[in-house]
Amino acid sequence: MRFLVNRIVWTLPILAGVLTLVFLLLHLVPGDPVDLMLGENAMAADRAEMRAQLGLDRPLGEQYLRYLGRTLQGDLGRSLRGGGPVRTLIAERLPATAELMLGAMVVGLGLALPLGVLAAVRRGTWVDSAAGGFAVLGVAMPNFWLGPLLILLFAIRLDWLPVNERGGLAHLVLPAVTLGTHLAALLSRMTRASLVAALGEDYIRAARAKGLGEARVVGVHALRNALIPVLTVIGLQVGALLSGAIITESIFDWPGLGSLLLDAIRARDYALVQGCVLVIALSYVLINLLTDLAYGWADPRIRRP
Amino acid sequence: MSHAARRALALGLLLLLGFCLPALLAPWLAPHDPAALDLAGALEPPGPGHWLGRDEQGADILSRLLYGARISLLVGLATVALSATLGTAVGVAAGYAGGAVEQALMRLVDVLLAFPGLLLAIALVAVLGPGMVNVVIALTALGWTGFARLARAQVLGVMPLDYVQAARSLGAGPVRIMAVHILPNILGPIWVQASFGVAGAILAEAGLSFLGLGAPPGTPSWGAMLSDGKSVLMEAPHVSLAPGLAIMAVVLGFNLLGDALGDWLDPRRSRE
Amino acid sequence: MLRPLFQGGPRRRPARALWLIALLPLACAAPGGARAAAPDEVVVLLEAAPATLDPLLATDAYGVRISNQLLFDTLLTLDDALAPAPGLADQWRQVTPTRYRLRIRRGVRFHDGHPLTPADVVFTLQSLTAATGGSPNGAALRQKLRAVRALGADEVELDLNAPYASLLVDLIVPVRCRATPDAPFNGTGPFRLLRQTPTEIALERNLDYHGARPGPARVTFKVVQDENTRMLKFLKGDVDLAVNALPLDKLLQFRRAPLSGRYRVEEAPGLSYQYLGLNLADPILAQAKVRRALALAINVDALIKFRQKGHATRAAWLLPADSPYAAPGPPPRYDPAQAARLLDEAGFPLKDGRRFGLTYKTSTDRAAVIQARVIQSDLREIGVEVDVRAFEWATFYEDIQKGNFQLFSLRWIGVVDPDFQYELFHSSQLPPRGRNRGRYRNPEADRLLEAGRLETDPARRRALYRRLEGRLQDDLPYISLWHNNNIAIVSRRFDGFRLHPTGGFQHLAEMRPAAP
């Protein structure tokens, strides 16, 4: 319990640190958003007015404090292009990224579980080696290579799947596979190792002695327990999934937070970049917290150093 | 030599021969000048004269691949060398000092780790501007945290040991203790992490270059070549094939090397 | 490795959690895919989203075109021969050299029902040229307009600071409604704005339009940034129109089945002007011989042939050859040997294969970067080492403004009147005041620019600008590259679309479903 309280207490300062870091980074960048918005023809008076309107003329310290205050109240500011509230823009794009990440997790688990189980059950055979090979290749394969190749094969040459747009389930397949392959590779090795360890346990021998069929023993008893570490690894991999999502969204023109962020960086849309980074970091920290909670619940004896 | 040690050696040699040597010898191995453009021959498919074909500006892909290997090697090694040095120093200091210093340093690490990796790299490169030096700086700024955490955890394991306590009671200064007694005993896992780190750095640089944020235009970075290839995917898929395979092979090699090193150093450690 | 703790016994929770995770993405997936288009709905492809459609703020090409040509009507328009033509002002006369009277069309209504009156025109011009809170699009008018007032029921009178010759072109501005100053899309145009998202803009037909009834009932603009996806949209028939929105190397596919059966390609010479800007404040580039050498060393024809795939014409200067204000001289021919000689004469001999280095800044746009690399390769042949630096648009733009560059390449679009050169080359027009990014200063050019903008006699005006452009072609503040052709890909489902020389959507409203 103390451990959990400790974790929650440290979350806020970490987030404050994140905000500060982002704020500092963006204000050191060359490129003036006001020039970008108004173009070269704008009169100096117009520029000054816009700068005042957006609060960019105040000293840095003051801008920072105002930003912190507003953010804690939930106001993430307005986009420098078009004036829409950042909160709304992010909220519009968040479901797409969430969909992509969940899809990737489904693909990850969907590929990893059968492979891991097979590898564990057929330990030492060619099946094990093949699964191991997939695992090792999948971890090394860059998703910005896999993605375009999948597009070429399934959307262009074979025309089986639509591409590069968000829509029904069919549109999700290629991006989810692209993002989920790395996770699948990682998880399949974990599944195998975890299942192998579980199968060596006493209660498994007891179940077998009771006369239960092998499928039941493996699939029901061993697997259930072997899955807990696997699920926690998913929690740990969220960071990698988020990073991977930025690239995957760029490949597939997926209208999520990642492409919004890249676009905002290019336009020096300060408030939008800060908002996106905040939301992404916040999600990451929260998911890690939840993962630690789940971990702690599953094994109260474990304490992180 | 144990089986695991032999495996590590074999992989290390393979990487050396298959990646590092071609990278270093690129100027002599490359059949063409990688910067030689020839618009008339753009997107030529593989064939004699240009074994991997040509890209959109008519440059030879094989030559660019070889020079790209140099870039990957340099970025990977430089990033890991800097990250490992910085991170280990911070981690050992934190683990040794304990108390508030340790807490402060580790919280800094936590803040940096609260950013999904690529995010911070993108932001840093956007601030610093394009260029390979800036890429190394950005990747180092992220990479040192992993080494710091590892080093600290290792130090915590080593501190209670007898010989460290003995050195302390004999009045040895902290720096001496850290350098002579602690550091040599934690190097094993650091090397393992370094191997994975090289793979990670190569992948990250390729990702940044793919997004257009890393290598300056014309640099034959493998990531930039993949980005070029994506634009001509329909008419010339051969442009994407080679750099992707190269990245995969090199990353695979260093990952396997890391695994093998890990097994060699601590055979009780179960395979992940 | 974590040792499992559970000693047998049913523990269903992990399994259930798994199923939930599996089902969630189905719940999140957006309903339905692309809606099939109705027969009188036109889907237009854009390669980038306009920053805004608000006519006061829109400065990028798509924003301006959608707002000025579809949502709003402009006071005057430009016909296909690039002459000023009636818009919401259907007649005009010049009462004195500094006073114009415009007659405003009757019976026009804004989308919300308000009738168009001269007061709306006055409001539009005043708010456009206001000293604060005005629009970047009003910069040219702001310098020229002294006063504007309504006269009677249907006339507007304009007083100018001086007898500017090209005022009419500056009056191609969208007319806004005085009663609704804060409604940014309330125009009189053939279409109303239905919805705008970052990736899609939907317009619907304005049934009360004062002009010919618009053909399409709906127009949907789809923003697709990825080039492969754009091609796929054509292959799947999801798109009906694209104007200058496809990389040129993909055009060849439209000559073959199946695309040739579904689409026709229209091409016409255009007004965009691609150029290489040079910084004359730089000590190396300050020398005219150096600039001339660079111009001679770049094989522009090869670039046009291989990169533009022939869909461009060599540019001699800003305005195309068929313009009455075209430059007198031909573009420099490709002559690297002469270029090398000029550099020797300028005091930059070849030492170890190198004379001097230059940096070339470009945006990260793929075509721009490739063009930069080809120019780099050409200049290397004469011993000039070019360092290509690609920047995010924001940084690139700022550097150009500040004069923090040696070479850069950009494009001017829709240049119709030679007076535009005033902002580019007059010594008073350094940024941010004007667009003289290269810091060009020449007293003779200044005099000619000032005279040209006030000269109303067409023959004398042409002569003045010929002299000016001859001077500029010698001085080379820009190295001219080419004029891009306008290329429209139109679905055979529709008739009626024509290309306008400015490459805009002026004729979109005339599209009608083709007879089967």
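Read the figures in this text as sums done on the coordinates, not as results from a lab. The shown structure was predicted, so the numbers you read here are calculated from the model rather than taken from an experiment. A quick note on method: Cβ atoms are made from the backbone with ideal geometry, for glycine too, and the neighbour counts reach across all protein chains shown.
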Could you tell me how far the Cα centroid of the stretch C:69-104 sits from the Cα centroid of the stretch B:211-266, in Å?
58 Å
Within a Gaussian network of chain B (alpha carbon springs, distance under 10 Å), most fluctuating of B:Gly197, B:Gly95, B:Gly223:
B:Gly95
Taking the Cα centre of chain C as the origin and placing charges on Cβ (Lys, Arg +1; Asp, Glu -1), which of C:Val223, C:Gln91, C:Tyr397 is farthest toward the positive end of the dipole?
C:Val223
Assigned charges on the beta-carbon of Lys, Arg, Asp, Glu; the stretch B:61-270 dipole about Cα centre (debye)
280 debye
The lysines whose Cα lies under 25 Å from the Cα of B:Lys230, excluding any fewer than 8 residues away in the same chain, are C:Lys222, C:Lys233, C:Lys236, C:Lys250, C:Lys305, C:Lys309, C:Lys361
So what's the back-of-envelope 222 nm ellipticity for the protein assembly as shown, counting only DSSP H runs of four-plus at -39500 (n - 2.57) apiece and dividing by all residues, rounded to 500?
-16500 deg cm²/dmol
Can you list which of the chymotrypsin sites (Phe, Trp or Tyr not before Pro) found in the stretch B:131-214 are DSSP loop residues with at most 16 other C-beta atoms within 10 Å?
none
Zone of C:Tyr334 (label point 7 Å along Cα→Cβ, backbone N under 17 Å): which residues in the stretch C:289-317?
C:293-316
Under a 10 Å cutoff between Cα atoms, tell me which one of B:Asp38, B:Asp259, B:Asp60 has the largest fluctuation in the Gaussian network model of chain B.
B:Asp38
Under 14 Å from a point placed 7 Å out from the Cα of C:Ala81 along the Cα-to-Cβ direction: which residues of the stretch C:298-324 have their backbone N that close?
C:323-324
So how much slack lies between A:Leu12 and A:Leu137, counting 0.36 nm per residue of separation and subtracting their Cα-Cα distance, in nm?
41.2 nm
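List every DSSP H helix in chain B whose Cα atoms extend 24 Å or more along the helix's own long axis and whose mean Kyte-Doolittle hydropathy is at least 1.0.
Helices meeting the criterion: B:61-97, B:132-158, B:183-210, B:238-265.
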Please check: in the Gaussian network model of chain B (C-alpha springs, under 10 Å), which one of B:Val111, B:Val232, B:Val133 has the largest mean-square fluctuation.
B:Val111
Search the structure for amide H atoms under 5 Å from the amide H of C:Arg498, placed 1.01 Å from N in the peptide plane, and list their residues when 5 or more places away or on another chain.
C:His507
Of the options C:Pro330, C:Ala459, C:Tyr478, report the single residue whose Cα projects farthest towards the positive end of the charge dipole of the stretch C:270-484 (beta-carbon charges: Lys, Arg +1; Asp, Glu -1).
C:Pro330
Taking every residue of C:57-69, the Cβ atoms of other protein chains inside 10 Å of its Cβ average out to 1
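Let me know the longest stretch in chain B that avoids all trypsin sites (Lys or Arg not before Pro) found in a DSSP loop with at most 16 other C-beta atoms within 10 Å. Could you put the intermediate results ahead of the total?
Working: sites that count: B:Arg268, B:Arg269, B:Arg271.
Result for the longest clean stretch: B:1-267.
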Relative contact order [Cα under 8 Å, 6+ residues apart], the stretch B:61-270, whole percent:
28 percent
Report the net charge of residues surrounding B:Pro217, where surrounding means a beta-carbon distance below 14 angstrom and charges are Lys +1, Arg +1, Asp -1, Glu -1.
-1
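Counting only C-alpha contacts under 8 Å and six or more residues apart, can you give the relative contact order of the stretch C:270-484 as a whole percent?
With pairs under 8 Å counted, the relative contact order is 35 percent.
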Taking the Cα centroid of the stretch C:285-299 and of the stretch B:1-56, what is the distance between the two, rounded to the nearest whole Å?
39 Å
Would you be so kind as to identify which of B:Val232, B:Gly12, A:Ile234 lies farthest towards the positive end of the dipole of the protein assembly as shown, taking Lys and Arg as +1 and Asp and Glu as -1 on Cβ and the Cα centre as origin?
A:Ile234
Tell me which trypsin sites (Lys or Arg not before Pro) from the stretch C:332-366 have a DSSP coil assignment and no more than 13 other beta carbons within 10 Å of their own.
C:Arg333
